[in-house]
1. Looking at the structure I just gave you, is A:H113 in a strand (DSSP E or B) and within 30 Å of B:G54 (Cβ to Cβ)?
2. Does A:A53 satisfy the condition of being assigned to a loop (DSSP other than H, G, I, E, B) and of a type in the set (A, V, I, L, M)?
3. Assess whether B:Y110 counts as being away from chain A (no Cβ under 14 Å), aromatic (F, W, Y) and open to solvent by 50 Å² or more (accessible area, probe 1.4 Å).
4. Quickly run through region B:1-24 and pick out the residues that are more than 12 Å from chain A (Cβ to nearest Cβ) and either part of a loop (DSSP other than H, G, I, E, B) or surrounded by fewer than 17 Cβ atoms within 10 Å (Cβ to Cβ) (or both).
5. Filtering region B:58-73 down to residues that are within 23 Å of B:R102 (Cα to Cα) and within 14 Å of another protein chain (Cβ to nearest Cβ), which residue is most open to solvent (accessible area, probe 1.4 Å)?
6. So which residues in region A:113-124 are within 14 Å of chain B (Cβ to nearest Cβ) and surrounded by 17 or more Cβ atoms within 10 Å (Cβ to Cβ)?
7. Being facing chain A (nearest Cβ under 10 Å) and assigned to a helix (DSSP H, G or I) is the filter; apply it to region B:74-91 and report the residue that is least open to solvent (accessible area, probe 1.4 Å).
8. Here are A:V206, A:V170, A:V183: which of them is open to solvent by less than 30 Å² (accessible area, probe 1.4 Å) and over 30 Å from A:A101 (Cβ atoms)?
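The values are calculated or read from the model by the stated rules, or taken from the named source; none is laboratory data. Quick caveat, the model's predicted, so the values are computed rather than measured. With ideal geometry, Cβ positions are generated from the backbone for all residues, glycine too; neighbour counts draw on all protein chains shown. Side chains included, ligands, DNA and RNA excluded: accessible areas come from the protein's heavy atoms. Shrake-Rupley method; radii C 1.70, N 1.55, O 1.52, S 1.80 Å.
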There are 2 protein chains.
Amino acid sequence: MRNLKLTLSYDGTSFHGWQLQPGVRTLQGELERAIGNILDHEITTHGSGRTDAGVHAQGQVAHFLTEKAIDTDAFHRSVNALLPPEIRVTSVEEMPLDFHARASARAKTYEYHVWRSTVVSPFHSRYVHSIWQHLDPDTVDQATRYFPGRHEFTSFSAAATSKKSHTREVYEAQWERSSEEWVFRIRANGFLQYMVRTIVGTLIEVGRGKLNPEEIPGIFEARDRQRAGPTVPAKGLHLVSVEY
Amino acid sequence: MRNLKLTLSYDGTSFHGWQLQPGVRTLQGELERAIGNILDHEITTHGSGRTDAGVHAQGQVAHFLTEKAIDTDAFHRSVNALLPPEIRVTSVEEMPLDFHARASARAKTYEYHVWRSTVVSPFHSRYVHSIWQHLDPDTVDQATRYFPGRHEFTSFSAAATSKKSHTREVYEAQWERSSEEWVFRIRANGFLQYMVRTIVGTLIEVGRGKLNPEEIPGIFEARDRQRAGPTVPAKGLHLVSVEY
């Protein structure tokens, strides 16, 4: 038995998210179809996590098991030849059998791209959320400082979730700004559904003056999704990397 | 009468080129529909030139005439609200009546993007032509040095063309290289159809060792399209700017 780790980059615009679903185009579905064609048997891939419809990735990771002998370089070329150009496998590595793309992950990094110029470049419009109104960078940064550390993220995730624990540890959360874009970068030991998009939506409310930075601790304590800001659109979100 | 100059950026992937054609989606067609809706009368736009199907632009220029009074800022916002996100008007300026986007143009700059890494990023695949085989940068640069200056470009343009003169003056032609991309940048007083794509196709043949740099002058002299290299695909071509 062999355990293959794939690193993936994808433009999520035209996919119904990562997870395999019958009758719709998903990233997992396309990947399993391509690999199945090469190996001539059905396989199941396990992603580091499910990205939602419209979310992009520069460094998603998945693994699968096969009995077949695989030349990783030849497999790498073949799988990219069979995948649509919106999905690229950027690396293929054989791993020990106990490696699991989801269970072995120690940290993930996401970016959220907010376009700040009035005209959104047509070469970026699928990958950014555009907000041209004034946002105060100082209050946004003040509010952002409450996120690193170990917190209960119920207020900042999908209202209905199946996860037992809502506690996650954020290692890093910060904004990088250019004249065209504000990019929010967050690294944590794990993420709940909609967590990054709800954190960003809340920080945008702070930047607009609708929330004060000092209200963030109270929102954490409330454990109530209604207290946080709106969930910003999927298209600005990018899974940058997964660490093992 | 007012004369409005528009600067445009577009992702040409899903358009049948610049020029208005009945029954298909063209850049000129989308632009005239949007402007017509704002002004409530039909207008004709004049582009600096026709970009072919699949060609992109960061700085295409067009003008149109109208009797209506126009607030350029309000018009700018309205036209972008009515255009699809693949086309953006990046500036609107009122010009003297004798300004003509094509006739007044003094120089244009195009770039051609050749992707050099084995895996093409899904965020760039629509905007580059991928060549992963070895290309010799030194012979390509030697051949490129024959292009600046005043030349007869019959060998380097569409076999059938309606233009009276095939003489153009190239002010600049050079390659910029990174680990992922080779970018060819060419600035001239004008371009014939397929001219940039045929020059690049010929330089690629040199890089592959199928032509010697010293053969370029003979190809110019032959005035025979058959002597030059193939026309590379439209998707790597970008109209960067038009100078007046």
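1. Numbers: in a strand (DSSP E or B): yes; within 30 Å of B:G54 (Cβ to Cβ): yes.
Spelling it out, A:H113 is indeed in a strand (DSSP E or B) and within 30 Å of B:G54 (Cβ to Cβ).
2. Details: assigned to a loop (DSSP other than H, G, I, E, B): yes; of a type in the set (A, V, I, L, M): yes.
Yes, satisfied.
3. Numbers: away from chain A (no Cβ under 14 Å): yes; aromatic (F, W, Y): yes; open to solvent by 50 Å² or more (accessible area, probe 1.4 Å): no.
No.
4. Selection gives B:M1, B:R2, B:H16, B:G17, B:W18, B:Q19, B:L20, B:Q21, B:P22, B:G23, B:V24.
5. So the residue we want is B:Q58.
6. Looking only at region A:113-124, we keep the residues that are within 14 Å of chain B (Cβ to nearest Cβ), and these are A:113, A:115, A:117-124.
Once the filter is applied, which keeps residues that are within 14 Å of chain B (Cβ to nearest Cβ) and surrounded by 17 or more Cβ atoms within 10 Å (Cβ to Cβ), region A:113-124 yields A:H113, A:W115, A:V119, A:V120, A:S121, A:P122, A:F123, A:H124.
7. Quick first cut of region B:74-91, residues facing chain A (nearest Cβ under 10 Å) only: B:76-77, B:80, B:83-91.
After this cut, where a residue has to be assigned to a helix (DSSP H, G or I) as well, the list is B:76-77, B:80.
Working: B:H76: 37, B:R77: 166, B:N80: 18 Å².
By that ranking, first place goes to B:N80.
8. On the way: A:V170 fails: over 30 Å from A:A101 (Cβ atoms); A:V183 fails: over 30 Å from A:A101 (Cβ atoms).
Answer to the check: A:V206.
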